[in-house]
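FYI, it's all coordinate maths here, none of it is from the lab. Only a predicted model underlies this, so the values are computations on that prediction, with no experimental measurement involved. FYI the Cβ positions are ideal-geometry reconstructions off the backbone, even for glycines, and counts take in every protein chain you see.
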Amino acid sequence: MSTKNLLLRHSARRPGATCLGVALLCALSLLRAAPERRKSEPPQKPSAPPLTHPTSLTPSPVPRAQAEKHRQRIGALKQSRPEAFPAAPERMAPSPEIEARMEAERQEGLALPIILRGNPNRREIALTFDDGPHPLFTPRLLDLLRALRVKATFFLVGKKVDNAPYLVARILQEGHDVGNHTYDHVNLTRIPPDMVETEIRLGNDAILRACGMLPVFFRPPGGQYDIETVRAAQKLRMTTVFWTDDPADYLSPGENIIETRLLTHVRNGAVILVHDGIEQTFRILPDLVARLRRAGYRFVTLSEMAQHLEATPFARR
Ligand SMILES: [Zn+2]
């Protein structure tokens with residue numbers, strides 16, 4: 001069992017030890033990353049904010065009264081703006097569009113803490129599953145990933161975490177990462193700006209309650225974001241994560257189509273976006289993993305991928 005897993009388990013059992021556990025984890029991450037930095041010098045510009053933040057582990061739950069007020073406002077918005085609450089899984093923003101937008105923001109000198117892709121010099125893939133956990137589906141998915149010996153990353157919806165908190169602990173204990181996918185699975189660009197940070201914090205609070213850990217990665221539902229969205233996550237010491245490969249599995253286009261789309265485009269440092277709860281994705285995983293391994297790829301968590309991003313702070317295709 002890895003040191004990371006031990007720390008996560010320790011923290012899950014003893015929430016009071018969270019800060020210490022994560023601080024140690026961050027320190028270990030930095031130590032592990034140091035040789036890579038030396039190897040990859042000189043670093044490419046521009047530099048980005050650090051990808052791990054010890055202070056992100058300081059729990060700061062949303063006060064009860066504020067959470068209640070937020071819940072009421074969300075309830076009202078569901079009536080007045082139902083389009084802001086995409087059914088899960090939702091149609092995702094095209095990754096080339098996000099990439100072009102990020103490039104424009106970079107040209108403007110905005111050093112936003114965003115990951116699109118891992119290190120292009122490493123034959124690694126991060127498999128990411130959005131929209132869980134699901135009481136019936138997620139355990140099957142975890143069983144399959146364990147059988148395949150694949151570590152992945154789960155972007156969790158806070159209200160679903162509250163319905164099945166035990167699954168978060170299992171996800172972590174089996175060596176996967178968890179990230180925040182908001183509490184209400186809401187399009188953050190379609191709600192009042194003053195609600196965005198609370199929505200992310202409530203997602204963090206749900207994960208903290210479930211496992212004693214705060215996530216450092218955040219993915220906005222539908223990939224819908226604006227500068228304020230990313231800044232709100234940054235304020236919470238979180239890195240916003242998009243993807244390089246989206247086979248649109250949410251449409252259930254057919255197993256062959258999903259697999260072909262992925263095999264055709266995947267490359268070093270790929271961040272694959274699929275959804276927890278899609279049967280067609282579940283069925284292609286054994287063959288997809290086998291084929292990609294034969295092509296020399298390793299499956300890593302986002303934490304592991306991020307350790308090797310110092311030389312490529314802005315992940316580019
Ligand atoms: Zn989603």
FRET efficiency, ARG149 to GLU97 (Cβ-Cβ, R0 41 Å, nearest 0.05): 0.75
Integer Hz, Karplus 6.51/-1.76/1.60 couplings in order for region 163-176, x for Gly and Pro: 7, 8, x, 4, 5, 5, 4, 5, 4, 5, 5, 8, x, 8
Qualifying trypsin sites (Lys or Arg not before Pro) in region 124-229, DSSP loop, other Cβ atoms within 10 Å at most 10: ARG149
C-alpha center-to-center spacing [region 56-127, region 230-303] in angstrom: 17
In order through region 257-263: 3J(HN,Hα) via Karplus (6.51 cos²θ - 1.76 cosθ + 1.60), integer Hz, x for Gly, Pro: 5, 4, 5, 5, 4, 6, 5
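What FRET efficiency, computed as 1/(1 + (r/R0)^6) with R0 = 25 Å and r the Cβ-Cβ distance, is obtained for LEU110 and GLN72, rounded to the nearest 0.05?
Working: r = 34 Å, r/R0 = 1.36.
Taking R0 as 25 Å, the efficiency between LEU110 and GLN72 is 0.15.
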Residues ILE227, ILE114, sorted so that the one with the fewest Cβ neighbours within 10 Å comes first: ILE227, ILE114
Using a Förster distance of 41 Å, the FRET efficiency for LEU251-ARG209 (Cβ separation, nearest 0.05): 0.80
Under-5 Å amide H pairs with ASP177, H placed in peptide plane, nonlocal only: ALA152, THR153, PHE154, LEU302
Long-range amide H partners of ALA270 with built H, under 5 Å: GLY118, GLU124, ALA126
Spin-label pair ARG283/LEU136, simplified geometry with 7 Å Cα→Cβ offset, distance in nm: 1.7
19 Å Cα-Cα threshold exceeded, pairs from LYS159/LYS235; LYS69/LYS159; LYS78/LYS160: LYS159/LYS235
Residue exposure sequence - LEU148, LEU288 - by fewest surrounding Cβ within 10 Å: LEU148, LEU288
Spacing of the two label points (7 Å from each Cα toward its C-beta) at LYS235 and THR189, in nm: 2.0
